[in-house]
Amino acid sequence: MMPQKESTVGEATRTGGSVTLRITSPEGRVRGVELTDGPITIGRTAPDHAPDVALEPDPQRWVGRLHCTLDLSDGGWTVTDNASVNGTLLRSLDGRTDRLVGSRRLRHGDALLILGDMSPDGEPLYWELTLLDPHTTQAAPFESPSAAPRRGPCLRYDWVAARAYRSDEDGESPVSGLRPQGHQLLRYMVGRSSAGAAVACGHEELVTALWGPREEWPPGRAYNRADLAGVVRAVRRAIEADPSAPGILETITGIGYRLNVTDPGEGS
């Protein structure tokens, strides 16, 4: 279902009882979309695909084609992350930010944060989508799965700050030197982990996560295991104590890679 009206931010804040999604780009441009009925898809435009709310431009494909969905149920709006590569963050009206897992009920003032770019020094730049719905008053629930710490080196990913941390017997230390594709690889794999369990992903799955489906590849360009291995090598140089003997991002011969994590990466 397409939203019926797009307006400027000034109009969006004067709609009275209507529900509006205020969208702020990573560069600070603001627009408003009036929400009338769901579901409403949020993502990026691709061949033969146009979401109801397009977050563009997005030349690096940080935003998923069908990144998340808004649904109207029982008079309120809920948001669901559609297994997006880079995930969706939810910043509640009280200022708490955590990674969206499954579906969550939204209230007036809650904001969705979707990674749109990274600065040259690795700072995350987000799309910010704020729900302006004066009829909702209940706070969105907060769930934080717990997990027993893994013995041996592993990785913690802070989704809010887009920072990775190495954990081992000597404690936790920040990871430096990750390039944007390295972040994409880790965010995808951490996002597939359940309650801090190690996660394994196949070669083709990771190629798609990094470069998109084949129909979106540039003409004459193909990506394969060799391209993926190049990204993995760069990540290992940043996160492993000894990249030649990886203990965090491990190879599963003939299948793909396994990432050992400490928690589901919700940030602190």
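What follows draws every value from the coordinates through simple rules; no lab data is involved. These numbers were taken from a predicted model, which means no experiment stands behind them. Positions of Cβ are generated from backbone atoms using ideal geometry, with glycine treated the same way; all protein chains shown enter the neighbour counts.
Electrostatic bookkeeping for Glu250 treats Lys and Arg as +1 and Asp and Glu as -1; over the other residues with beta carbon under 11 Å from its beta carbon, the sum is +1. With 0.36 nm allotted per residue and the present C-alpha distance subtracted, the Asp48-Asp71 stretch has 6.0 nm of extension available.
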